[in-house]
Amino acid sequence: MPRSTTFVLNKDKVRKYGALTVDKDKLAQEGFDTKGTNWLKDIDGNIIETTLFTKMMVLVANKFSLLDPMGMGIEMEGGRPGWNDAMNGLPGIFGSGMSETLELVRLIKFVLESIENREEAIILPAELSTFVQELYLATKIEDDYKFWDSISTAREQYAEVTRLSLSGKETSINILGLRTILEAFLEKLKAGMDRAIEIGNGVMPTFFAYEATKYEMRVDENGEQIISHYGLPTVDVLEFKLNPIPNFLEGPAKVLKQLPIEEARKMHNAVKDTDIYDPQLKMFKTSGTLEDVTHETGRIRAFTAGWLERESVFLHLEYKYFYGLLRANLYEEFFECINDALIPFLNPQVYGRSTLENSSFIASSVNPDPATHGRGFVARLTGAGAEMMSMWIKMFVGNDGGFKVEEDKLTFKFAPVLPNWLFDEEGEASFTLLANTKVTYINPSKINTFDGLGATKVQYSINGNIVELDGNCIVDDAENLRNGNIEWIKVTLG
């Protein structure tokens, strides 16, 4: 639903309610199946077929058009707060999220890379092309409110013209022009990210909320108030004020991998100086204190501090942050953190269960019950498992390692990122690669493998025959390795 319907006056506060409604015009279309799939059609009833690139551009345009009134976070237009559903009140108080902005940056970079060597024009549906062009023109607007109003209007017009069907017409955009548009989007997003970090005092915020400080009542031609489908009077907002939300861990976890290493290190240190960090447990909570946050923000405020979704150590998110450190090449910081906080390294008496199983959350030291501090609750298969596997691969195979195709040949490179304390008394550390091949790293000096040390000698056995290679890259037998035909490999580091 457009702003003219969702911006309402609830008592004495302007709120954003009623994002979705049943579209009776859609339901009345011939052949519309209320319980099945309904493909978008043109005005002649033909099903629209398009390319993956066009779908990516639809996503880029819609997300960019949702930038908040200060050009930072992505608005919660659909009435949902993103993955953190405990912040379920945010959409109603003009909430936005920086995590979605960071994902949009990644998406645009991906699209730009996909057309890097392309010369021929791109064909887009006419409605999408117009939408993209209008958003591009809006990037020239310097005033925050006018920019926000312009992209919001463009989105609402696009939603209306595509609501029931497309015209079927297409528009050609030359590749240079498309690059210019996408780069303008990136520049605007980068400015928003910089502004957000400045507001966060060096820490990437996760959420924002806005307050309407100036508005007008909407009336019909008879001067009567226009009432929304929620039964509330509608308004036009003319001015917003930012209401910052306390620090959450998700923003930094998302942005670390996008920053140069020194900027990432600076942000990590800034995060440790906030109340996200629990110095007693040496762990990272989902957020800082929410004591001054209103209950209207969401159910998260209703929980006891340090419990469940409020200010606890949400294991999936903490592991996501650790993975961000690893991807940002902050190796010393990464191993310092996991040595304190990775579940296998915890004291089982404090954790309260086997350190071979993850928990949904760990009660933090802000919990009023000291007996719960550091204890894991709700043991289950969490997303932390997937994050752990990602970290494990980066540690044992390396950021620069793994399979690659070089000069039309499949290769495999070992580039482990391991600290000295993960090697045993004999200086060895082993893992199983692709479920079949046992790989043993031999590190006689027992030094960190990320301090410039590489694998200079590889020994591996194929069907019992030991073969020695110079260098750390397998070429001739890379396919055998991928197919699980190599029993074991020994990699000597030095």
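The values are calculated or read from the model by the stated rules, or taken from the named source; none is laboratory data. A quick note: this is a predicted structure, and the numbers were derived from the prediction, not measured. We place every Cβ from the backbone using ideal geometry, glycine too, and count neighbours over all the protein chains shown. Quick note on the areas: whole protein, heavy atoms, side chains included, nothing else; ligands and nucleic acids left out. Shrake-Rupley method; radii C 1.70, N 1.55, O 1.52, S 1.80 Å.
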With DSSP loop assignment and no more than 15 other C-beta atoms within 10 Å, the GluC sites (Glu not before Pro) in segment 233-336 are 291
Total charge of the residues flanking residue 438 in space, meaning their Cβ is under 11 Å from its Cβ, with Lys and Arg +1 and Asp and Glu -1, is 0
Once all protein chains are kept in place, residue 237 shows an accessible area at probe 1.4 Å, nearest 10 Å², of 10 Å²
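For residue 292 and residue 47, what is the calculated FRET efficiency with R₀ set at 51 Å and r taken between the beta-carbons, to the nearest 0.05? Intermediate results must be reported in sequence, preceding the final value.
Numbers: r = 52 Å, r/R0 = 1.02.
Rounded to the nearest 0.05, the efficiency is 0.45.
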For segment 50-153, whose charge dipole is built from +1 on Lys and Arg Cβ atoms and -1 on Asp and Glu Cβ atoms, the candidate among 145, 135, 96 with its Cα farthest towards the positive end is 96
Between the alpha carbon centres of segment 300-342 and segment 15-77 the gap in Å comes to 35 Å
Options (1) 75, 59, 39; (2) 89, 62, 45; (3) 109, 47, 37 for Cα extents along the principal axes in Å; the value derived from the coordinates is listed as (2)
With a 1.4 angstrom probe the carbon and sulfur portion of accessible area for segment 7-163, in percent, totals 51 percent
Given a Förster distance of 51 Å, the FRET efficiency implied by the Cβ-Cβ spacing of residue 467 and residue 201, rounded to the nearest 0.05, works out to 0.35
Expressed in square angstrom to the nearest 10, the accessible area of residue 272 with a 1.4 Å probe stands at 60 Å²
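Which net charge results when you count Lys and Arg as +1 and Asp and Glu as -1 among the other residues whose beta-carbon is under 15 Å from that of residue 273?
On the way: positive: 265, 266, 272, 282, 285; negative: 275, 278, 333.
Charge balance in the 15 Å sphere: +2.
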Heavy-atom accessible area with a 1.4 angstrom probe orders 278, 451, most exposed first, as 451, 278
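Determine the order of 373, 229 by accessible area, beginning with the largest, at a probe radius of 1.4 Å. Working shown, then result.
On the way: 373 30, 229 85 Å².
Descending accessible area places them as 229, 373.
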Rounded to the nearest Å, the spacing of the alpha-carbon centers of segment 116-177 and segment 181-233 is 20 Å
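Evaluate the charge dipole of the chain about its Cα centre and quote only its size in Debye, nearest 20, assuming +1 on the Cβ of each Lys and Arg and -1 on the Cβ of each Asp and Glu.
In debye, rounded to 20, the chain gives about 780.
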With label points set 7 Å from each Cα along the Cα-to-Cβ direction at residue 117 and residue 349, the distance between them in nm comes to 6.2 nm
The lysines whose Cα lies under 22 Å from the Cα of residue 169, excluding any fewer than 8 residues away in the same chain, are 26, 41, 55
Given unit charges at Cβ for Lys, Arg (+) and Asp, Glu (-), the dipole magnitude of segment 221-285 about its Cα centre in debye, nearest 20, is 660 debye
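Taking a 1.4 Å probe, which of 356, 166 shows the most accessible area, and what order do the others take after it?
Values: 356 165, 166 15 Å².
Largest accessible area first, the list is 356, 166.
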Rounded to whole Å², per residue accessible area for the chain with a 1.4 Å probe reads 50 Å²
Rounded to the nearest 10, the angle in degrees between the Cα long axis of helix 331-341 and the longest principal axis of the Cα atoms of the chain comes to 90 degrees
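For every other residue with a beta carbon closer than 10 angstrom to the beta carbon of residue 401, add +1 if it is Lys or Arg and -1 if Asp or Glu, then tell me the sum.
Values: positive: 394, 404, 413; negative: 400.
That works out to +2.
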Of the listed pairs 190/254; 13/63; 16/320; 190/404; 257/285, those with alpha carbons more than 24 Å apart are 13/63; 16/320; 190/404
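Leaving out ligands, DNA and RNA, and with a 1.4 Å probe, what % of the accessible surface on segment 255-336 is carbon or sulfur? Walk me through the numbers before you get to the answer.
Values: 1690 of 3410 Å².
The C+S portion of the solvent-accessible surface of segment 255-336 is 50 percent.
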Taking Cα atoms only, helix 144-161 is inclined relative to the longest principal axis of the chain by an angle, in degrees rounded to 10, of 80 degrees
Per the rule of 0.36 nm per residue minus the C-alpha distance, extending residue 420 to residue 408 adds in nm 0.7 nm
Counting only protein heavy atoms and leaving out ligands, DNA and RNA, the solvent-accessible surface of residue 476 at a 1.4 Å probe, in Å² to the nearest 10, equals 140 Å²
Relative to the chain, whose Cα atoms define the longest principal axis, helix 175-199 and its Cα axis are tilted in degrees, nearest 10, by 80 degrees
So residue 230 and residue 438, fully extended at 0.36 nm per residue minus their Cα-Cα distance, gain in nm 68.7 nm
